[in-house]
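The structure appears right after this line, and notes come after that.
Just so it is clear, none of the values below were taken in a lab; they were calculated from the coordinates. Because the structure is a prediction, the values reported are computed rather than measured. When we count neighbours, we look across all protein chains shown, and the Cβ atoms used for this are built from the backbone with ideal geometry, even at glycine.
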Amino acid sequence: MDQIANVSLAVLLGSAMVLAGILSSLMAMRFGAPLLLVFLGFGMLAGEAGPGGVPFDNVEVAYLVGSVALGLILFDGGLRTRLSTFRTVLAPSMSLATAGVMLTAAFTAPVAHFALGLGWIESLLIGSVIASTDAAAVFFLLHAHGLRLRPRVAATLEIESGTNDPIAIFLTLLLVEIILLGGKSWPDIALAFVAKAAGGAVIGWGGGRAISFVLNRVSLAQGLHAPFVSAAALVVFGLAEFIGGSGFLAVYLAGLVVGNRPTRAHNTVVTFLDAATWIAQIVMFLILGLLAWPSRLIDHAVPALAVALTLMVVARPAAVFLCLWPFRFSTREKLFMSWVGLRGAVGIFLASIPLLVELPNGQVYFDIGFVVVLVSLLVQGWTIAPAARRLHISLPRSDPPPRRVELDLPGQLEQELVGYAVGPSSPYLRRHLVPSWAKLMLVVRDEEVLTAGEAQAIREGDHVYLLAPPEKAHALDRFFVDMPAPASPDPQLLGDFFVPGEATLGALAEIYGLSVSPEDLGMSLADQFVRRLGRPARQGDVLPLGTIALLAHRVTEGRVVSVGLRLAEPDPLPATIERWKAALRRAWRRSTAVLRRR
Amino acid sequence: MPLSDLVAPQAVMPALKVNGKKQALLELAARAAELTGLEERDILDVLQQREKLGSTGIGNGIAIPHGKLAKLERMFGLFARLDRAIDFEALDGQPVDLVFLLLAPESAGADHLKALARVARLLRTADTATMLRDSRDAEAIYAVLTMPVPGT
């Protein structure tokens, strides 16, 4: 009976800890602290050295849980990445995710070497353990309130953080292997690297295709789609690792493939994985927190802080500047991207590997990794918003997107039902505009369900359901944003005519006879704004262009969408005064003439 | 500022019946060709070239299609009030019922831009637009267009 009692106790304690972790997220939201930090802290409190006193030092369990959790998190990250966003920032984020990780590891190693007196390979291992940025932390902090970045910057950071883990994991495993098995020749290492990456890529891509194929062909029970996808993702992970490829790369790619193909039950899968990744993160952090031993951390505090400091101020910025050198980012943007080098779960997870395989000094790696992640989350996590403001790269906030309900329609993939509440000042209500590809199907009014025909005119407070292609659903959002009607246009502010931001300078110059230097002819107006302002455009920005002026009329995320043309300066106001003066002069002349005649 | 230097009394179409933007441009080009002696095709081409860049619908139901023509001798304006408002792909999405066509000689340069700005600013004043919409015949419309505007 003791065993049963033990199990019950474990269930009670474990679930209570998860529950407390979840509830503590409320606190984190309020203070804007990275949630992960809260979970980690909670794990430490519950552990041996804290008041919880739970003895836990099973590295194998931690590694197993960590692998599964990371697999799900990476799959989810891939699933949410829209390839369309991905493509435009593919080059810079890939450069950061591959070369960037290696450079970061390399630049951190010397400090570890001198501060800890470890060998070079061991120091490089420390560098690799903490070389990758954490997707969860980066996503959370970039989307935390009050921070909106140029899409290119945000997308690069997010994709970098989603894709650099496989490289860091790979580097770490490789270095551990080298330390354990003795020296390997460099060609062997390079070959192993390529083989692992290729294996991961093939399995991941194939697995993703297979998952979407099965999902669309086999009719599973309604609730089983999401578990099927999650389990399949872990199979992809396991399979890739088993054949010697990189499982982490594979599972990310599989997510990317599934997320960007039309699949059945996409929304339930995303919702399910959202929940699954939360649980995965909470459990992983709790366990990693349990594994830590705060009193021992203090022994390594000084070298660990030295490593953390080097990483944040030297290694990461150097890697970012080197990797982004060929791409168009401003120095301020690169500084900011250096600062968003948040470390997270992967770092601690990787730091536990030396413990698992019982490397000499295994404890040192773990402690250093743990402290670095902690410091990074604390220092960088808390200062990201001020940093963005100081560097002037945070954009003014736009209206929050409206809540959208998406419903799958079984039997086909082309269309889904998208529901919105109609706000009093949504463009949909004000102007009755919907794009041609969306069709109004249902109206829910006063708890009554009406067809579009029965409902007639849409009123405030209605809930409308439209039929739309899933990939365009998000574009419907702007028709339902509850924003006040634009104030009556001020012609002085708006310009006389409007052209899209994508129109070229050349086209404008031809029609209005402007002089534009030949190399600028093909440049779009939006790019012209970016180049000449040197910062994201804001509504109302004015650029003189020859005899006319360009006005940023509508701006979306720092990019001018619609440009007002002010063709001539407004007539000078004192025209009336001039007329009066002229009239006075005439009167004066006439009267003097009369006087003279006399 | 009145537009008497740009538009002649016979260049006013008080109730033009068209079904869409394309037809509106076609009718305006035809009338402009009649009055200026230029080729209808040429006029339509420059107008469509400008529309390709972005609609000349400036909002509030007003559109000012415009362009430059080498063979034109002086600036030429043509006003049409549409019988029924049409979609002009205007920025604010509102259907257009007041159209002012402005053609300029290739050499006009800054004068072209100034004239365009003047037309845009005059038509944009709410009173002018209302009066134009309320006018029933060509004479009344012409009077509104050439009426001295208070304050300028």
Checklist outcome for this item: Checked against the positive end of the charge dipole of the protein assembly as shown (+1 on Cβ of Lys and Arg, -1 on Cβ of Asp and Glu, about the Cα centre), the farthest of A:Val129, A:Leu356, A:Phe336 is A:Phe336
Checklist outcome for this item: Per the Kirkwood formula over distinct C-alpha pairs, the hydrodynamic radius of segment B:29-77 in angstrom is 11.5
Next on the checklist: I want to check the label-to-label distance for A:Ala190 and A:Val444. Put each point 7 Å from Cα in the C-beta direction and report it in nm to one decimal.
Outcome noted: 6.1
Next on the checklist: How charged is the neighbourhood of A:Phe107? Take every other residue with its Cβ under 15 Å from the Cβ of A:Phe107, and add Lys/Arg as +1 and Asp/Glu as -1.
Outcome noted: +2
Item to check | Of every Cα-Cα pair in segment B:73-152, the percent that sits beyond 16 Å | outcome: 57
Checklist entry - How many Cβ atoms of partner chains, on average, are near each residue of B:42-54 if near means within 10 Å of its Cβ? => result 3
Checklist entry - Cα-based Rg of segment A:147-294 per 2.2 N^0.38 Å, rounded to two decimals? => result 1.21
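How much net charge surrounds A:Ala97 when only the other residues with a Cβ under 10 Å from the Cβ of A:Ala97 are counted, with Lys and Arg +1 and Asp and Glu -1?
Net of charged neighbours comes to -2.
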Checklist entry - Cα-Cα over 27 Å: which of B:Lys22/B:Lys68; B:Lys17/B:Lys71; B:Lys21/B:Lys71; A:Lys334/B:Lys52? => result B:Lys17/B:Lys71; A:Lys334/B:Lys52
Checklist entry - Counting alpha carbon pairs within less than 8 Å and at least 6 residues apart, what relative contact order, in whole percent, applies to segment B:3-145? => result 27
Checklist entry - Of the listed peptides A:357-366, B:34-43, A:238-247, what is their order by residue-averaged count of other C-beta atoms within 10 Å, with the highest listed first? => result A:238-247, A:357-366, B:34-43
Checklist entry - Put +1 on the Cβ of every Lys and Arg and -1 on every Asp and Glu Cβ in the protein assembly as shown; which of A:Pro500, A:Tyr365, A:Ile458 then has its Cα farthest towards the positive end of the dipole? => result A:Pro500
Next on the checklist: Over the Cα atoms of segment A:208-278, each weighted equally, I'd like the Debye log10 I(q)/I(0) at q = 0.25 Å⁻¹, rounded to two decimals.
Outcome noted: -1.16
Checklist outcome for this item: Percent antiparallel among DSSP beta bridges confined to the protein assembly as shown, rounded to 5, stands at 80
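Quick one: if you take sqrt(5λ) for each eigenvalue of the C-alpha gyration tensor of segment A:266-415, what semi-axes come out, biggest first, whole angstrom? Working shown, then result.
Working: eigenvalues 231, 140, 42 Å².
Listed largest to smallest, the semi-axes of segment A:266-415 are 34, 26, 14 Å.
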Checklist entry - When a footprinting reagent is the concern and you count Cβ atoms within 10 Å, what order do A:Thr81, A:Thr331 take, fewest first? => result A:Thr331, A:Thr81
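When the helix-only estimate is applied to the protein assembly as shown (DSSP H runs of n ≥ 4, each -39,500 (n - 2.57), divided by the residue count), what is the mean residue ellipticity at 222 nm, nearest 500 deg cm²/dmol?
-17500 deg cm²/dmol
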Checklist entry - When you look at the Cβ of every residue in B:117-127, what mean number of other chain Cβ atoms sits within 10 Å? => result 4
Item to check | 18 Å reach of a label modelled at A:Arg535, 7 Å along Cα-to-Cβ, counting backbone N of segment A:325-358 | outcome: A:329-337
Next on the checklist: Under 20 °C and 1.002 mPa s, how fast does the protein assembly as shown diffuse according to Stokes-Einstein, given a Kirkwood radius computed over C-alpha pairs? Answer in µm²/s, whole number.
Outcome noted: 70
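Taking the number of other C-beta atoms within 10 Å as the exposure measure, put A:Ser524, A:Ser330 in order starting with the fewest. Please report the intermediate quantities before stating the final value.
Values: A:Ser524 19, A:Ser330 16.
Arranged by neighbour count, lowest to highest, A:Ser524, A:Ser330 become A:Ser330, A:Ser524.
Listing A:Phe336, A:Phe349 from the residue with the fewest other Cβ atoms within 10 Å to the one with the most, what is the order?
A:Phe336, A:Phe349
Ranked highest first by the average count of other Cβ atoms within 10 Å around their residues, in what order do B:24-31, A:416-423 fall?
Top to bottom by mean Cβ count within 10 Å: B:24-31, A:416-423.
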Checklist entry - Quick one: putting +1 on the C-beta of Lys and Arg, -1 on the C-beta of Asp and Glu, what dipole do you get for the protein assembly as shown around its Cα centre, in Debye to the nearest 20? => result 3280
Item to check | Inter-label distance for A:Gln222 and A:Ile243, nm, one decimal - labels placed 7 Å from Cα along Cα-to-Cβ | outcome: 3.7
Next on the checklist: Please give the charge dipole size of chain B, origin at the Cα centre, charges +1 on K and R Cβ atoms and -1 on D and E Cβ atoms. Round to the nearest 20 debye.
Outcome noted: 200
Checklist entry - Give me the log10 of I(q) over I(0) for segment B:3-145 at q = 0.11 Å⁻¹, as the Debye formula computes it from C-alpha points; what are the numbers? => result -0.34
Checklist entry - Which ³J(HN,Hα) values, rounded to whole Hz and listed in residue order, are derived for segment A:441-446 from phi using the Karplus coefficients 6.51, -1.76 and 1.60 in 6.51 cos²θ - 1.76 cosθ + 1.60 with θ = phi - 60°, glycine and proline given as x? => result 10, 9, 10, 9, 10, 6
Item to check | Burial order of peptide ranges B:122-135, A:447-460, A:374-387 (average beta-carbon count within 10 Å, highest first) | outcome: A:374-387, B:122-135, A:447-460
Next on the checklist: As I understand it, the dipole of the protein assembly as shown uses +1 on the Cβ of Lys and Arg and -1 on the Cβ of Asp and Glu, about the Cα centre. Which of B:Gly109, A:Ala198, B:Ala126 lies farthest toward its positive end?
Outcome noted: B:Gly109
Next on the checklist: Quick check: pseudo-label points 7 Å beyond the Cα along Cα→Cβ at B:Glu73 and A:His392, how many nm apart are they?
Outcome noted: 5.4
